[in-house]
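Novice: Here you go, one structure.
The values are calculated or read from the model by the stated rules, or taken from the named source; none is laboratory data. Remember, it's a predicted structure, so these values are computed and weren't measured experimentally. Here the Cβ is made from the backbone with ideal geometry for all residues, glycine too, and neighbour counts use every protein chain on show. Quick note on the areas: whole protein, heavy atoms, side chains included, nothing else; ligands and nucleic acids left out. Shrake-Rupley method; radii C 1.70, N 1.55, O 1.52, S 1.80 Å.
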Protein chains: 2
Amino acid sequence: MTDSVEERIARVAFTPEGLAPAIIQQWDSGEVLMLGWMDAEALRRTLTSGRVTFWSRSRQEYWRKGDTSGHIQLVRGARLDCDADALLIQVEQVGPACHTGTRTCFDADDLDPVADATS
Amino acid sequence: MTDSVEERIARVAFTPEGLAPAIIQQWDSGEVLMLGWMDAEALRRTLTSGRVTFWSRSRQEYWRKGDTSGHIQLVRGARLDCDADALLIQVEQVGPACHTGTRTCFDADDLDPVADATS
């Protein structure tokens with residue numbers, strides 16, 4: 001692909017607040033580690049620096065994953081979905097992804113759907 | 001887990017619009033197929049019927065995946081993240097997940113991040 005980083009970022013359909021959800025997936029195992037939010041600048045930093053950066057909606061600031069915890073995410077791939085409003089970032093996760101210490105942020109709460117459903 | 005479906009749904013921190021992003025993952029391969037949105041009722045239907053149901057933000061209506069295309073999603077698991085504001089639904093995907101005919105909605109657009117980044 002020969003288009004520039006800015007052309008790629010311009011393809012993203014951000015929300016009115018300027019954000020897009022970013023699914024973070026361990027590149028080799030396929031584990032879904034967490035979901036964060038990126039604005040154009042967070043995506044720019046993620047695409048160009050090799051480290052995942054989010055926009056924190058609660059703190060209203062950029063947040064480079066691992067700067068505090070050491071549990072960094074090294075970018076291995078990045079895809080935009082067919083509606084251009086969701087991001088899939090494939091990473092090498094160093095240490096646990098979740099601030100609670102679990103491997104992923106989806107480990108704790110099982111919503112326990114009905115099993116063996118049919119159509 | 002012995003809590004009721006309603007207790008489980010009540011744990012979700014929906015946005016002010018009453019929605020939560022739902023990551024849809026093929027349960028065995030780990031592929032991330034798509035991202036959709038659920039309100040409490042879409043999640044209720046998903047947890048209790050065995051078929052994934054979304055809330056369509058563009059059409060403002062419920063949308064049970066596969067009713068038009070036949071490409072249904074059979075629920076195999078459902079998790080809530082540590083902040084209780086994102087859902088991970090594990091499914092058996094019948095046919096392609098994407099309305100464009102590709103396996104996943106993330107197949108088309110490679111954002112081409114820098115490779116071999118270091119910390």
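Novice: Every residue in segment B:1-21 that is small (Gly, Ala, Ser) and either assigned to a strand (DSSP E or B) or closer than 14 Å to residue B:89 by Cβ (or both), please.
Specialist: Once the filter is applied, which keeps residues that are small (Gly, Ala, Ser) and either assigned to a strand (DSSP E or B) or closer than 14 Å to residue B:89 by Cβ (or both), segment B:1-21 yields only B:20.
Novice: I've got another one for you. Kindly list the number of the only condition in (1) over 10 Å from the mean Cα position of the chain (by Cα); (2) more than 10 Å from every other protein chain (Cβ to nearest Cβ); (3) among the hydrophobic types (A, V, I, L, M, F, W, C); (4) crowded, with 17+ Cβ neighbours inside 10 Å that fails for residue B:54.
Specialist: With (1) over 10 Å from the mean Cα position of the chain (by Cα); (2) more than 10 Å from every other protein chain (Cβ to nearest Cβ); (3) among the hydrophobic types (A, V, I, L, M, F, W, C); (4) crowded, with 17+ Cβ neighbours inside 10 Å applied to residue B:54, the lone miss is (1).
Novice: Yes or no: residue B:24 crowded, with 16+ Cβ neighbours inside 10 Å and outside any strand (DSSP E or B)?
Specialist: The answer is no for residue B:24.
Per-residue answers, yes or no, for (1) under 15 Å from residue B:28 (Cα atoms); (2) over 13 Å from the mean Cα position of the chain (by Cα); (3) at pLDDT below 95:
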| position | (1), (2), (3) |
| --- | --- |
| B:70 | no, yes, no |
| B:73 | yes, no, no |
| B:89 | yes, no, no |
| B:96 | no, yes, no |
| B:107 | no, yes, no |
| B:111 | no, yes, no |
| B:115 | no, yes, yes |
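Novice: Now, a different point. Out of the residues in segment A:62-101 that are among the β-branched types (Val, Ile, Thr) and open to solvent by 50 Å² or more (accessible area, probe 1.4 Å), state the one that is nearest to residue A:5 (Cα to Cα).
Specialist: The residue in question is A:94.
Novice: Here's another thing I want to ask about it. Considering every residue within segment A:96-105, establish whether at least one is without any contact (Cβ under 8 Å) to a residue 40 or more places away in the chain and either touching a strand residue (DSSP E or B) at 6+ places or on another chain (Cβ under 7 Å) or polar (S, T, N, Q) (or both).
Specialist: yes
Novice: Related question: Within segment A:61-80, does at least one residue satisfy the condition of being touching a His at 6+ places or on another chain (Cβ under 9 Å), within 8 Å of chain B (Cβ to nearest Cβ) and not small (Gly, Ala, Ser)?
Specialist: Scanning segment A:61-80, I find no residue that is touching a His at 6+ places or on another chain (Cβ under 9 Å), within 8 Å of chain B (Cβ to nearest Cβ) and not small (Gly, Ala, Ser), so the answer is no.
Novice: Next question. Scan (1) modelled with pLDDT under 95; (2) in contact with an Asp or Glu (Cβ under 8 Å, 6 or more places away or on another chain) for the single condition residue A:81 breaks and write down its number.
Specialist: (1)
Novice: While we're here: I need the full set of residues from segment A:32-51 which are among the charged types (D, E, K, R) and either open to solvent by less than 30 Å² (accessible area, probe 1.4 Å) or within 7 Å of another protein chain (Cβ to nearest Cβ) (or both), in order please.
Specialist: Those that are among the charged types (D, E, K, R) and either open to solvent by less than 30 Å² (accessible area, probe 1.4 Å) or within 7 Å of another protein chain (Cβ to nearest Cβ) (or both): A:39, A:51.
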